[in-house]
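Trainee: Let me give you the structure first, and then I'll get to my questions.
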Amino acid sequence: MKIKKSPLEIFGLTAIYIILIVFSIIFILPLYQVFIASISDPRVVVQQRGILWLPVRIHFEAYRLVFSNPNISIGFKNTIIYMIFGTAFEYTITILSAYLLAKDNVLLKKPIMLYFIITMYFGGGLIPFYLLINSLGLIDNRLALIIPYGVNVWNIIIMRTHYRSIPRSLSEAAYIDGAGDFWILFRIFVPLSGAVTAVLVLFSAVGYWNMWFEPMMFLKDRAKYPLQSMLREILIDNKQAMAGAAKGRLSPGISRSLFFETQVKYANIIISTVPILVLYPFLQKYFVKGVMLGSLKE
């Protein structure tokens, strides 16, 4: 039987939908404006005052120029490598640490947890961090972007809280049947943590996708640069080279310097933003559930 809503409830739902629609437009509008600017005549984009709602004299020279650069494909490949291995390593450390800290009979559990929490508020600083990476021999090594970021204390706390919300009777029954800790972790706890896992894996993947400062510090070989470092190099460090590469690729009448300043930077924003945004609709249903499961009060 369908329950009839009162006028006050209808008014409240309508107001909520209107607010959500307005905020969605506010969030989407900047990305839409960047995309329109990336495919419009750069002279129009520069002279435009306000929002450019529709493209003017559509062309895709900026995207052809960016993708014609072999460094972009190298950057994509490296970013995928860092995302896969970095996220897998971080997730492994997270579930192992969270499972250990969620158990009741673990020696020195409280001091270890306190140590983890202290690291969230106090750090050694950038220079000691660089000296540590250098002393480990990880400079210009891909592992410099994976190993130091394997421990994420916030993720460990969220996963630990979720593990503690799982009924103890499940693990106790498994112990009675002769199961060990690894069997319990990977056959009981991990399968019951799909929502939290989806959120934490996505956050980790986004972090690796947007990584550019760490590669700038630790990597010297450009063949190991991720996508964001390649795009930064195109926008800041290599304007003249890219402007020269644009010779013969532009439509008649388009200034190369104007083209680079307006079009290529917009194309770079779209290229670096859209791929990771595509993942969100598929994982959106896990967000609220996953975060709430990991934030239950003990």
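The values are calculated or read from the model by the stated rules, or taken from the named source; none is laboratory data. Quick caveat: nothing in here was measured; it's all calculated off a predicted structure. Cβ coordinates were reconstructed from backbone atoms using ideal geometry, including for glycine residues, and neighbour counts include every protein chain displayed. Note: areas computed on protein heavy atoms with side chains; ligands, DNA, RNA excluded. Shrake-Rupley method; radii C 1.70, N 1.55, O 1.52, S 1.80 Å.
Trainee: Could you tell me the calculated FRET efficiency between L132 and M216, based on Cβ-Cβ distance and R0 = 22 angstrom, to the nearest 0.05?
Mentor: With R0 = 22 Å, the Cβ-Cβ based efficiency is 0.80.
Trainee: Please state the shape class of the range 8-102: rounded when a/c is under 1.5, otherwise prolate if a/b exceeds b/c and oblate if not, all from the C-alpha gyration tensor.
Mentor: oblate
Trainee: Quote to one decimal, in nm, the extra length available between S169 and V190 on full extension: 0.36 nm per residue of separation minus the C-alpha distance between them.
Mentor: 6.0 nm
Trainee: Given axes a ≥ b ≥ c from the Cα gyration tensor, I'd like to know whether the range 22-78 is rounded (a/c under 1.5), prolate (a/b larger than b/c) or oblate.
Mentor: Oblate shape, in that a/c is at least 1.5 and b/c is the bigger or equal ratio.
Trainee: Please give the peptides 120-127, 148-155 ranked by average Cβ packing (other Cβ atoms within 10 Å per residue), highest first, as a rough proxy for protection.
Mentor: Result, highest mean Cβ count within 10 Å first: 148-155, 120-127.
Trainee: With a 1.4 Å probe and every protein chain left in place, tell me how much accessible area D181 has, in Å² to the nearest 10.
Mentor: Its accessible surface works out to 60 Å², give or take rounding.
Trainee: A further question on this structure: How are the C-alpha pair distances of the range 151-204 spread across 10 Å bins, as whole percents from the shortest bin up?
Mentor: 23, 51, 23, 4
Trainee: According to a simple spin-label model (label point 7 Å from Cα along Cα-to-Cβ), what is the distance in nm between V153 and L107?
Mentor: The modelled label-to-label distance comes out at 2.4 nm.
Trainee: Which aspartates and glutamates does K265 reach when only Cα atoms under 16 Å apart count, and residues fewer than 8 places away in its own chain are ignored?
Mentor: D41, E61, E233, D237
Trainee: Report the normalised scattering of the range 54-202 as log10 I(q)/I(0) at q = 0.11, 0.19 Å⁻¹, calculated by the Debye formula with identical scatterers on the alpha carbons.
Mentor: -0.62, -1.20
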